[in-house]
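Asker: Pasting in a structure now, in C-alpha cells, and then I'll have a few things to ask.
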Amino acid sequence: MVYGKCIRINSLNNMPEKPLISIITVNLNDVEGLKRTMTSVFEQTYKEYEYIVIDGGSTDGSKEYIESHSDKIDTWVSEKDSGIYNAMNKGIKVATGEYFLFLNSGDWLHKVNILEITAPVFSNNYSIYYGNVERIYNGNKKKIKTYPSQLSFSFFIDSALAHQAVFIKRSLFFDLFLYNERSKVLGDWEFLIVAICKYNIKTFYLNRIISYYPMNGISSSTKGRQIMDEERERCYKEHFPLFIQDWKELENNRVYLNSPKVKLFREINSTRRLSVITFFILKKFKSILKIKNMQKKFLNL
C-alpha cells in the first residue's frame, strides 16, 4: 500500500482547493528589508505555501538571520550569483507550487490574510494573476498603484506589472522560458510582455493590494532609465521586431511631451483655461445678482 498526501481537488477546474503557492525571496545585503519580508510571510494565515530564500552571499548578517529561521523556510541558499534574475531562476528551479510569487527583500505582503483571500480565485483558466501594490516613497509616504483590468501591448511600452503582486503558474516558466539573466532590471517585464502579448497567455486582474513595494530599487532610480530603455529595445528586437519603429516614435513623443517647453505651455494653457472658466462663472454670478435685484425692485412696487 502506498501512502501519500490527500489533496482535495476542485472538480470545476482541476485545481486543488488550497493550491500550493511558492513564495520566492531574493536578497543581497539587505538584512533589515529581509526581516520585514520574511515576517510578512511567516504571519500569513494561509499555510499552503512553500518559502524559498535565495541569498547572494550577503555579508551583513542576512545569512545568519535566514539560518536562524530555517525551520520556517523550505529551501534556502547563500552563495554568489550572477545577478538578480540568476537568483530568481534558482528559486524557480527548486519551487514546486502551482503558482509563484516573487517577494524580494524589502517587499512585504499587504495583509496577514492576503494569500488566504487570493488563493481560492486560482483556477486552470488563467496562468497569470496580478493585483495592485502600495508604493512606499522615502520610507513612509504611500501611494496605491493600480493596474488596468485588460492588458495590452501599449500598456507595456512604458509601464510594467509589479512582480510583488503577480502570481505566475509554475508550468509557464518551463513551457516558455526562465527569466533572461542578461537583464539587470526588466527580466520580469520581458517575461510578462512576451507571455501575454506574443503567446496570448490569459491573465486575471485581482482588484486588491497584494504587497508593499519600496521605491528604492534600480528600476525606480534615474540611472536605471537608460538600462531599462536598452533592455526594452533588446526585447523588441528579439520578440517584436516589427514594432521597433513604433516604439521609437512613441518614445520620442514621450520625451517631447515631457520637455520643459511643452510643460510650460501646458501650465500657461491650464491657467488660461482657468481664467476663461472663472470669467464665465463671474459673468453668470453677475447675471444672477442682476435678476435678484430686479425681483426685489418688482416686489417693492
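Readers should treat all values here as calculations from the given coordinates under stated rules, not as data from a laboratory. From a predicted model like this one, the values you see are computed outputs, not experimental measurements. Don't worry about glycine lacking a Cβ; one is built from the backbone with ideal geometry, like all the others, and counts go over all protein chains shown.
Asker: Scan region 55-119 for GluC sites (Glu not before Pro) in coil per DSSP, keeping those whose Cβ has at most 13 other Cβ atoms within 10 Å, and list them by number. Before the final figure, lay out each step's value.
Answerer: Working: sites: Glu64, Glu67, Glu79, Glu98, Glu116; in loops: Glu79, Glu98.
Of the GluC sites (Glu not before Pro), the ones in loops of region 55-119 whose Cβ has at most 13 other Cβ atoms within 10 Å are Glu79.
Asker: While we're here: In 10 Å bins starting at zero, report the fraction of Cα pairs in region 9-242 per bin as a rounded %.
Answerer: 7, 33, 40, 18, 2, 0
Asker: Starting from one equal scatterer on each C-alpha and no solvent at all, send me the Debye-based log10 I(q)/I(0) for region 104-157 at q = 0.13, 0.21, 0.25, 0.27 Å⁻¹, two decimals.
Answerer: So the normalised log intensities work out to -0.48, -1.08, -1.20, -1.21.
Asker: Same structure again: Apply the Karplus curve 6.51 cos²θ - 1.76 cosθ + 1.60, θ = phi - 60°, to the phi angles in region 240-248 and return the couplings in whole Hz, x for Gly and Pro.
Answerer: Running phi through 6.51 cos²θ - 1.76 cosθ + 1.60 with θ = phi - 60° gives 9, x, 6, 9, 4, 5, 4, 4, 5 Hz.
Asker: Turning to a different aspect of this structure: When only DSSP loop residues count, what trypsin sites (Lys or Arg not before Pro) in region 161-230 have their Cβ near at most 15 other Cβ atoms within 10 Å?
Answerer: Values: sites: Lys169, Arg170, Arg182, Lys184, Lys198, Lys202, Arg208, Lys223, Arg225; in loops: Arg182, Lys184, Lys202, Lys223.
Loop-located and lightly packed - Arg182, Lys202, Lys223.
Asker: Which residues among region 38-53 fall inside the zone where the amide N is under 12 Å from a point 7 Å beyond the Cα of Thr96, along Cα→Cβ?
Answerer: Answer for region 38-53: 50-51.
Asker: Would you give the gap between the C-alpha center of region 46-69 and the C-alpha center of region 233-263, rounded to a whole Å?
Answerer: Using only Cα atoms, the two centres lie 40 Å from each other.
Asker: What are the residues whose amide H is under 5 Å from the amide H of Ile209, where those residues sit 5 or more places off or on another chain and H is modelled from the backbone?
Answerer: Asn132
Asker: For region 38-78, count all C-alpha to C-alpha pairs, find those more than 11 Å apart, and express that count as a whole percent of the total.
Answerer: Percentage above 11 Å: 65.
Asker: Based on other C-beta atoms within 10 Å, arrange Asp246, Asp81, Asp55 from fewest to most.
Answerer: Asp246, Asp81, Asp55
Asker: Once you have the Cα-Cα distance between Ile244 and Lys198, take 0.36 nm times their residue separation minus that, and quote the gain in nm to one decimal.
Answerer: This chain segment gains 15.1 nm when fully extended.
Asker: Say the dipole of region 138-203 comes from +1 at the beta carbon of Lys and Arg and -1 at that of Asp and Glu; which of Leu186, Ala162, Thr146 then lies farthest toward its positive end?
Answerer: Thr146
Asker: Are any of the pairs Lys47/Lys142; Lys80/Lys237; Lys90/Lys248; Lys35/Lys169; Lys184/Lys223; Lys18/Lys143 more than 24 Å apart by Cα-Cα distance, and if so, which?
Answerer: The answer is Lys47/Lys142; Lys80/Lys237; Lys90/Lys248; Lys35/Lys169; Lys18/Lys143.
Asker: A further question follows. Note down the magnitude of the dipole of region 111-187 about its Cα centre, charges +1 on Lys and Arg C-beta and -1 on Asp and Glu C-beta and zero elsewhere, to the nearest 20 debye.
Answerer: Details: 10 positive and 5 negative charges, 69 e Å.
The calculated dipole for region 111-187 is roughly 340 debye.
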